1. Could you pull out the residue among E222, E246, E266 that is among the charged types (D, E, K, R), modelled with pLDDT of 65 or more and touching a Phe, Trp or Tyr at 6+ places or on another chain (Cβ under 8 Å)?
2. With modelled with pLDDT under 75 and not basic (K, R) as the only criterion, which of A152, A192 stands out?
3. Using beta carbons and a limit of 7 Å, which pairs, at least six apart or on different chains, have the first residue in region 393-414 and within 20 Å of F316 (Cα to Cα) and the second one at pLDDT 85 or above and not in a helix (DSSP H, G or I)?
4. Between a residue in region 279-299 that is farther than 15 Å from Y226 by Cβ and any residue that is crowded, with 21+ Cβ neighbours inside 10 Å and of a type in the set (G, A, S), which pairs come within a Cβ distance under 9 Å, given they are 6 or more apart or on different chains?
5. Go through region 1-80 and tell me which strands (runs of 3 or more DSSP E), entirely inside it, have 1 or more residues that are of a type outside the set (A, V, I, L, M, F, W, C) and over 40 Å from the mean Cα position of the chain (by Cα).
6. Test I5 against the stated conditions and say whether it is among the aliphatic types (A, V, I, L, M) and modelled with pLDDT of 85 or more.
7. Output the residue which, of all residues in region 22-54 that are more than 28 Å from E84 (Cα to Cα) and loosely packed, with under 10 Cβ neighbours inside 10 Å, is modelled with the lowest pLDDT.
8. Output the qualifying pairs, or none if there are none: Cβ atoms under 9 angstrom, residues six or more apart or on different chains, first residue in region 233-252 and under 13 Å from D219 (Cα atoms) and surrounded by fewer than 19 Cβ atoms within 10 Å (Cβ to Cβ), second residue at pLDDT 75 or above and among the polar types (S, T, N, Q).
Amino acid sequence: MELFIELENGANRGQLSFVFNKETTLQDLKTEIHVKYGIQPDDQILFLNGKLLEAVALSDHLIDHNFKNKDIIVVRYKEYARFEVLRKTVNELFHTTHSDDPEVKYDRFQWCSEECRRLYGIKFDYTFPALLDELYEIKQKILCCTDPMYPAIKVSFIYYFRKVFPENDVIVGRKEKGTRSGCVVRVSLNSAVTKFYVKTQDNIGAMDFLCPKNHPSVDIVELYCYKLLEKIGLCSDGHFIHNLMESSFLIYIGTRQIDGFKTLKEQPKIDEDVDSKICQGLIKILLLFNVLMLADCSCGNVGFDAKQDPFIVDFFVNDPRIKNVQFLDMEIICNCVEAHCYRSKFAKVSQNEKITIAKNFLVQSHLINLLEECATSFMVEEQPVLEKYGMLEEKTQCLTKYIEKVKENINKVLDMKI
């Protein structure tokens, strides 16, 4: 005969089959459950067809206690209740105010830390693999609050990059100085090293001009622009790292470091032909900063890779104040990016040539079509975090408004007379 065993709260574990006969005892059943789920016999509470199984000796034969063919046994793990208490306590700790008694709060953190270690020790994550990520996240949250040598900012980075690159070592560098500064995260496997530059400011979303300012927000427009620039080829692949800690910010932005990249400050003196290519690249950069309504176009935020292809490595979305498209006067780029060494080069490029370069770039990049395509894929990818913070509908409207404004700017450029 056959029994079916289910683990209560055991997402994705399904039913297990257990074949028994007239000689099979309850001890045999509990041993099988221990083998399959890793739950010690004393920690098992069994339900037979929805009713608690009580007063059955381990040596008793199953068949003597009305166990029948195709019966369903549900196993409750005592430790799951302890996990629920841990989950609830951690959530409460990260939503409490600074007025709470620090000693009480510390004691609760210590209890959570010990409880987390204990659950790992009994391989709770083996019994409930679906809770592995949540248990790890709880562990990291506790760690950053009980270990002063483990800054909170590193928790999110290490957690994210270990999930994306599970076989790699992850090392988070020192945070640079400045409000919009960042740090370098090294991801390495054997001798292969990839570096990511991650913005570490606490106010991403604070300048979201298309959305209400009465709550912390995910600046959907800024995140969208990173993905759009990536598709155009003027930004390296971006990573949106969700913050694990309750705070005034929700997301960090990380970009892969570009091989051979140098900012305008770092550009060496080069020959005439390459100089001309850089001028064309700067025209594209300035065009995008204005058409996409970006700000912070400084000589440290734009540059070129080893092939002299242009890249934008940092920006934020600005309040749109563009009244016309005379921004294609390249005097602006000389001031805006402080590219003083290129002033003479720009002076030799006529306004018609600049407009032609801008128009050709808009047409060849299919930017007006990419706006909608990128928005569709972006919203699918970021839907979980937007839903989590209850901002899906609101943010969709923000992005729609932004795209319409960008389309207006693109059409203004395309309508310019040469």
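The values are calculated or read from the model by the stated rules, or taken from the named source; none is laboratory data. Everything quoted here is computed from the prediction, not taken from an experiment. Cβ placement follows ideal geometry from the backbone for every residue including glycine, while neighbour counts extend to all protein chains displayed.
1. After applying the criteria, what remains is E222.
2. Of the residues listed, the single one that is modelled with pLDDT under 75 and not basic (K, R) is A152.
3. Qualifying pairs under 7 Å: K405/M293; V406/L292.
4. That search, which allows pairs on different chains as well, returns L282/A339; I283/A358; K284/A358; L286/A358; L287/A358; V291/A358; C299/A339.
5. 2-7
6. Criteria not met by I5.
7. Result: K22.
8. Correct list of pairs: H242/S156.
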